[in-house]
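This report refers to the structure that appears directly beneath it.
Each reported figure results from applying straightforward, stated rules to the coordinates on display, with no laboratory input. Everything numeric here is computed off the predicted structure, so don't read it as measured data. Cβ sites come from the backbone with ideal geometry, for glycine too, and all protein chains shown count toward neighbours.
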Amino acid sequence: MKFLYKILLSTLVLGVISCTDVIEVEVPEGPIRLTIEASLDWEKGTAGNQQTILLSTSTPYFDSQRNSAVTGATVQVTNNNSRTVFTFTDQNDGSYTTNSFVPVIGNSYTLEVLYEGERYTATETMFAVSDFSSITQSKEDGEDDEALEVNVSFEDPADIENYYFLRFQSRNDQLPELFYVKDEFVDGNEVTFYYEKIEDEGENIKEFEPGDTVDIALLGISEDYHNYLRLLVEQFESAGDAFSATPVALVGNCINTDNPDNTPYGYFRVSEKVERSFTFE
Amino acid sequence: MTKTKERYTPIRLLMGLCLLLVSTAIYAQDNFTISGNVTDKINGETLFGTSIFLKGTTIGAITNEYGFYSLTAPKGSYTLVFSHLGYKEISMQVVLDQNQKIDTEIEEFSTMLDEVEVTAEEPERAILRKPEMSVSKLNIKTVKQMPVVLGEVDVIKSLQILPGVTNNGEGSSGFHVRGGAVDQNLVLLDEAIIYNTSHMLGFFSVFNADAVKDLKLYKGGIPAKFGGRVSSVLDVRQKDGNSKNFALTGGVGVISSRLAAEGPMFNDRGSFLVAGRGSYAHLLLKLAGEKNSVSFYDLNLKTNYSLNKNNKLFLSGYFGRDVFDFDGSFSSSYGNASGNLRWNHIFNDRLFSNLSLIYSKYDYELGIEDFEFDWISSIKNYNAKYDLKYYFSDAFKLDFGVSTIKYEFDPGQIKPTGPNSSINELQLDQKRALESAAYINAEHKLTDRLTAQYGLRFSHFNRMGGQPLSEYANDQPLVYNSTLRFYQRTDPISETIYKKSESIKKFSNFEPRLSLAYQLNDYSSVKLGYSRAAQYIHLLSNTSSVTPLDVWTPSGKYIKPQLSDQYALGYFRNFKDKMYSMEVEAYYKTVDNRIDYIDGSDLIGNNTIEREILNGESRAYGLELLLRKNEGPFTGWISYTLSKSEQRTFGGNAGGPGINNGSWYNTPHDRTHDISVTGAYQFNEKWSFGANAIFQTGRPVTYPNGQYEYEGISIASYSDRNADRLPAYYRLDVSATYKPNRRPDKKWKGEWVFGIYNVFNRKNAASISFGQNFETGANEATRTAIFGIVPSVTYNFKF
């Protein structure tokens, strides 16, 4: 329902002579924590054996130096149904990889990371996803009737609760467009989302043009991860404005078993994924 | 049968108290009563707050909101004086040897628009003897003199420059009283509950100044006749309409225009008022090629009819609406509608009564074209009220009455609007409740110096059935996950369907109210007050500012009623023959069962709100100072508030430490310092000037304390809620009013109002948001400032 908030926001900006500018603000400095980006995504139709887990640390908010890769950690994932253990090898650049992962829909997996004498763990179940039913481009849909947008549709299976993560990344842009989807209001229907960029000179945002390519990924996810993403996306898009909730710490599924106060950031997800690239004509 | 018994409890209580009253009434033998109505000679409007007294005695009375007064004195000859500031004093000889009715018309010093000397109305001075405290009163004339943004006279904004009242920054709806939340204010327009006080998300108030007679804000010491909200009562009364002549008033401004017509009706047995206001900025925006539009309008109606000397009927209505359209992709509209039928009945010269039947409604509609669905939510209430006032003696007056409100909540429905809509139809559970109350309140002059006001309100809330309700294991809709360390929603284990005849939950509360005024000498007094209030309905809002789409929800199985206790102490003083006055008040207020929202709460379209909230508490305390200059060509005031407003929420039944680790944290409307200086200067007959200067501590916010990379983006980390603050807010506004030469015989009277809002063009941060730059990906802080310098011009007329 994030568009409800968007309406209020645009009202605020439009109704009056408001103005925005970038300013210097002094922000507090919190503790440095381990960040675990353990996204074991199994692309439909592939073996899914190659997987990467990223470890880094947090940095002060305005630090331009964001290269905070963590090396020297021990990383492994266990399939709790088959008890198979997959060991991830330290690539010394913050990434830990394996070639032997075996994805099984519905199985539960446990992640274990040992770093600086503390043990971090997380457990997640692998969720399936439906394939895209169509990917098209148009101008007349979306917010602006003259701007290009890409529309993606997929069929939601009826009578079961499904949660999705939909990610658009334009190859010309730094930032992705993220959607979290819950089938509560759309159960059993064909669901359509669009990604459209509205020109904004102040922020240097340009509309899509023919030739632009967008990478689109859709993942089946757990309810807890959906809730995590909802907060992540809401805060990423509008933290601080008067019509959004007080921003709060995101609580992922990774815990520190040795020192619970030193909670890591990030999430351990195990998902089936469909991925396409789309080039505007 | 326990149900029946409970229903009659308040009535019984009241009857008992009435008996007490009758038994004390016996000794009044050689006394006689003068009663009547006081009206304005020019337009026939009844006058509220006129003081009537017998010269040389301490016997006096003040007219009520319908202009009625009653005073009782021993047999004898007296000089009866009618005094109302800004009006010519009238005195007459009376021989009091029988009860008599004296209706009086009093005349203003000069007609409104030609007024040379600006004086504050009586209610705006420090009133020493009445125990009433923590009350802000503004005459609509004063409100109209203040400089305002875009030339729109705004009742609510005017209140915000008095002590103890703030808003949540420019562009936020509602107002905050003594650290309370927006939903803790009871806002009444001719007694009807108004659920949303703002147009255009807070830029303008819903009250059309041309239709308003007076307003009174009770910040504390709330009289027992009001209830249902824990922070304040804003009592706004509409004009009755000119009963002498037909008159037109209006104004043309930058954003909107107004027109009001009023005049006598029913062969001079009544009068009417019709006032309309509409914005047209959206038309200009359309011309300028802007595809999105915002507009609002409202309509006020009032008419009254005197059946005879002792019976008068009033009918009033309000309808207001905001409409937003975003280039056809989204459209939304929302507003209040209310109607009230009143019957004033004077039983005898000492017993005044009013019966009101009131309807009010707030609804919100949103249409999303892209996804082809409509979203609708509403709250409706039907209210019957019977209020009586018994003027027992000069030293003892009694208010008592009963009220019952039936609420209907429709928290939301979704309707697909096209064949291709991927959205399924959905109706959230509709809720019903009945809130009833009985009260009795005495104003008692104990000695010549000591006056007390004491009362008791008994309130009862019945959350009625007619809906299913989810049940949870161990009654825990939420449970603390101690491994992952957050509040986790639990799944319902079953559903109970409550029939319409059943009750889901009942609550009742006794709400004592007490205030005392001790007059130290002719020019100063000390007052103290205590009040307890219960609030049974709550506005669900987890954002820093409330929004029009927030929905109200009743107390019930999982949400407890809010209960507040407020203590206040004040010192009041007039200087230099009432030319200056000073009011100092300190208060301490606690609220139990204030709802708080868990991290990541999701309120929109949610049928199980109990899985998103915990019951917490809040407290607020502060010191308020108001210094006024009431007379002379230069009038104005300085107001200063030093305050603190915090909340705390433990885990309770859900376990765990609670929200924000169970520590106290600032509410979003906490303001340490709030200073405003307001002045009006009458230069000559043609020109007058006004200015406001405002300084406020910045709004509490939560800044990021670090960042980490995830999904290719920078994610901000946060710790304690509302531990940081926006930069301080300050602003200066000025206005000038020009009244062209006019001959006294000319009916048309016009004036030009020129204003400049935010003269220094200061970019006050309404919010600061944190995010990545779209182009470079670097983190940055972006300030949104709403109004820079805004010049305006408005033309007002009266015919």
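Sort B:600-609, B:419-428 by packing, meaning the average of other beta carbons within 10 Å per residue, with the highest value first.
Sorting B:600-609, B:419-428 by mean packing, highest first, produces B:600-609, B:419-428.
Report, in listed order, any pair from B:Lys137/B:Lys213; B:Lys380/B:Lys415; B:Lys505/B:Lys589; B:Lys431/B:Lys560; B:Lys130/B:Lys244; B:Lys55/B:Lys225 with a Cα-Cα distance greater than 23 Å.
B:Lys505/B:Lys589; B:Lys130/B:Lys244; B:Lys55/B:Lys225
With θ taken as phi - 60° and the coefficients 6.51, -1.76 and 1.60, list the Karplus ³J(HN,Hα) couplings across region A:197-209 in order, rounded to whole Hz; mark glycine and proline as x.
With the stated coefficients, region A:197-209 comes to 9, 9, 4, 9, 5, x, 9, 6, 9, 10, 5, 5, 10 Hz.
Taking each pair of distinct Cα atoms in region A:37-171 once, what is the resulting Kirkwood hydrodynamic radius in Å?
One over the average 1/r among Cα pairs gives 18.0 Å for region A:37-171.
Report, in debye and to the nearest 20, how large the dipole of region A:27-108 comes out about its Cα centre when Lys and Arg carry +1 and Asp and Glu carry -1 on their Cβ.
Around 240 debye, computed over region A:27-108.
Can you find, among B:Val155, B:Gln772, B:Phe48, the residue farthest towards the positive end of the dipole of the protein assembly as shown? Put +1 on the C-beta of Lys and Arg, -1 on that of Asp and Glu.
Of B:Val155, B:Gln772, B:Phe48, it is B:Phe48.
Suppose only helical runs count, i.e. DSSP H with n ≥ 4. What mean residue ellipticity at 222 nm does that imply for chain B under -39500 (n - 2.57) per run, divided by all residues and rounded to the nearest 500 deg cm²/dmol?
Counting only the DSSP helices, I get -1500 deg cm²/dmol.
Using a simple charge model, +1 on the beta-carbon of Lys and Arg, -1 on the beta-carbon of Asp and Glu, nothing else, what dipole does region A:117-164 show about its Cα centre, in debye to the nearest 20?
Details: 2 positive and 14 negative charges, 92 e Å.
For region A:117-164, the charge dipole is close to 440 debye.
Which Cα, out of B:Leu307, B:His282, B:Val294, lies furthest along the positive dipole direction of region B:213-318 (beta carbon charges, K/R +1, D/E -1)?
Working it through, the farthest residue towards the positive pole turns out to be B:Leu307.
Taking the Cα centre as origin and putting +1 on Lys and Arg beta-carbons and -1 on Asp and Glu beta-carbons, what dipole magnitude results for region B:668-799, to the nearest 20 debye? Intermediate results must be reported in sequence, preceding the final value.
Details: 16 positive and 12 negative charges, 261 e Å.
Roughly 1260 debye for region B:668-799.
Through the Karplus equation 6.51 cos²θ - 1.76 cosθ + 1.60, θ set to phi - 60°, convert the phi angles of region B:135-146 into ³J(HN,Hα) values in whole Hz; use x for Gly and Pro.
Result, rounded to whole Hz: 10, 10, 10, 9, 7, 4, 5, 5, 4, 5, 7, 7.
What do you get for chymotrypsin sites (Phe, Trp or Tyr not before Pro) in region B:724-774 restricted to DSSP loop and a cutoff of at most 12 other Cβ within 10 Å of the site's Cβ?
B:Trp748, B:Phe760
In Å, what is the Rg of the alpha-carbon atoms in region B:693-781, and how long is Dmax?
Spelled out, the Cα radius of gyration and Dmax of region B:693-781 are 23.6, 77 Å.
Determine, for each peptide in B:61-72, B:645-656, the mean count of other beta carbons within 10 angstrom over its residues, then list the peptides with the highest first.
Sorting B:61-72, B:645-656 by mean packing, highest first, produces B:61-72, B:645-656.
Ranking B:Phe326, A:Phe243 by Cβ neighbours within 10 Å, fewest first, what do you get?
Ranked by crowding around the Cβ, least crowded first: B:Phe326, A:Phe243.
Whole-Å semi-axes of region B:169-234's equivalent ellipsoid, largest first, each the root of 5 times a Cα gyration tensor eigenvalue?
Taking √(5λ) for each eigenvalue gives 19, 16, 10 Å, largest first.
Name the residue from B:Ser555, B:Asn521, B:Ser501 whose Cα lies farthest towards the positive end of the charge dipole of region B:501-574, charges +1 on Cβ of Lys and Arg and -1 on Cβ of Asp and Glu.
Farthest along the dipole direction, towards plus: B:Ser501.
Taking only C-alpha pairs under 8 Å that are 6+ residues apart, what is the relative contact order of chain B in percent? Spell out each step's value before the answer.
Working: 2271 pairs, mean separation 87.7, N = 799.
Relative contact order of chain B: 11 percent.
For chain B, I need the span (max minus min coordinate) of the C-alpha atoms along each principal axis, in Å, sorted largest to smallest.
88, 69, 53
Residue-wise, which Karplus ³J(HN,Hα) couplings in Hz belong to region B:442-455, taking 6.51 cos²θ - 1.76 cosθ + 1.60, θ = phi - 60°, and x for glycine or proline?
10, 10, 10, 8, 6, 9, 4, 9, 10, 10, 10, 10, 9, x
How far apart, in nm, are two points set 7 Å out from the Cα along the Cα-to-Cβ line at A:Thr110 and at B:Glu780?
With each label point 7 Å from Cα toward Cβ, the separation is 4.7 nm.
What is the distance, in nm, between label points placed 7 Å from the Cα along the Cα-to-Cβ direction at B:Glu502 and at A:Ser153?
4.4 nm
Which whole number gives the average count of other chain Cβ atoms within 10 Å of the Cβ atoms across peptide B:761-773?
Per residue, the number of nearby Cβ atoms from other chains is 5 on average.
Counting pairwise Cα distances across region A:141-184, what percent come out greater than 15 angstrom?
On the way: 566 of 946 pairs.
So the portion of pairs separated by more than 15 Å is 60 percent.
Quick one: give the max-minus-min coordinate of the C-alpha atoms of region B:591-700 along each principal axis, largest first, in Å.
67, 31, 21
May I ask you to work out the translational diffusion coefficient for the protein assembly as shown at 10 °C, viscosity 1.306 mPa s, via Stokes-Einstein with Rh from the Kirkwood sum over Cα pairs, reported in whole µm²/s?
50 µm²/s
For chain A, what relative contact order do you get, as a whole percent, if you take Cα pairs closer than 8 Å and at least 6 residues apart?
So the answer I get is 21 percent.
Restricting things to alpha carbons, tell me how big chain A is in terms of Rg and Dmax, in Å.
For chain A, the Cα radius of gyration and maximum Cα-Cα distance read 20.3, 62 Å.
Modelled label-to-label distance, B:Tyr386 and B:Leu520, 7 Å Cα→beta-carbon offset: nm?
With each label point 7 Å from Cα toward Cβ, the separation is 4.5 nm.
Roughly speaking, what is the centre-to-centre gap between region A:17-96 and region B:240-263 when only Cα atoms are used, to the nearest Å?
One Cα centre to the other: 65 Å.
Arranged by the count of other C-beta atoms within 10 angstrom, fewest first, what order do B:Glu45, A:Glu140, B:Glu372 take?
Least to most surrounded, the residues fall as A:Glu140, B:Glu372, B:Glu45.
Once the Cα atoms of region A:158-273 are picked out, what are the Rg and Dmax in Å?
16.8, 53
Over the whole of A:29-36, what's the average partner chain Cβ count within 10 Å per residue? Rounded to a whole number, please.
4
If you take each beta carbon of peptide B:778-791 and count the beta carbons of other chains within 10 angstrom, what is the mean?
Numbers: counts 5, 8, 5, 10, 9, 7, 10, 6, 8, 4, 4, 1, 2, 0.
Per residue, the number of nearby Cβ atoms from other chains is 6 on average.
In units of 2.2 N^0.38 Å, what is the alpha-carbon radius of gyration of region B:211-324?
Values: Rg = 18.4 Å, N = 114, 2.2 N^0.38 = 13.3 Å.
Scaled against compact globular proteins, the figure is 1.38.
Can you tell which of A:Gly142, A:Gly117, A:Gly106 shows the greatest fluctuation in a Gaussian network model of chain A with Cα springs below 10 Å?
So, out of A:Gly142, A:Gly117, A:Gly106, the one fluctuating most is A:Gly117.
Cut-off is 10 Å between beta-carbons; in what order do B:Val206, B:Val793, B:Val94 appear when sorted fewest neighbours first?
The most exposed by this proxy come first: B:Val793, B:Val94, B:Val206.
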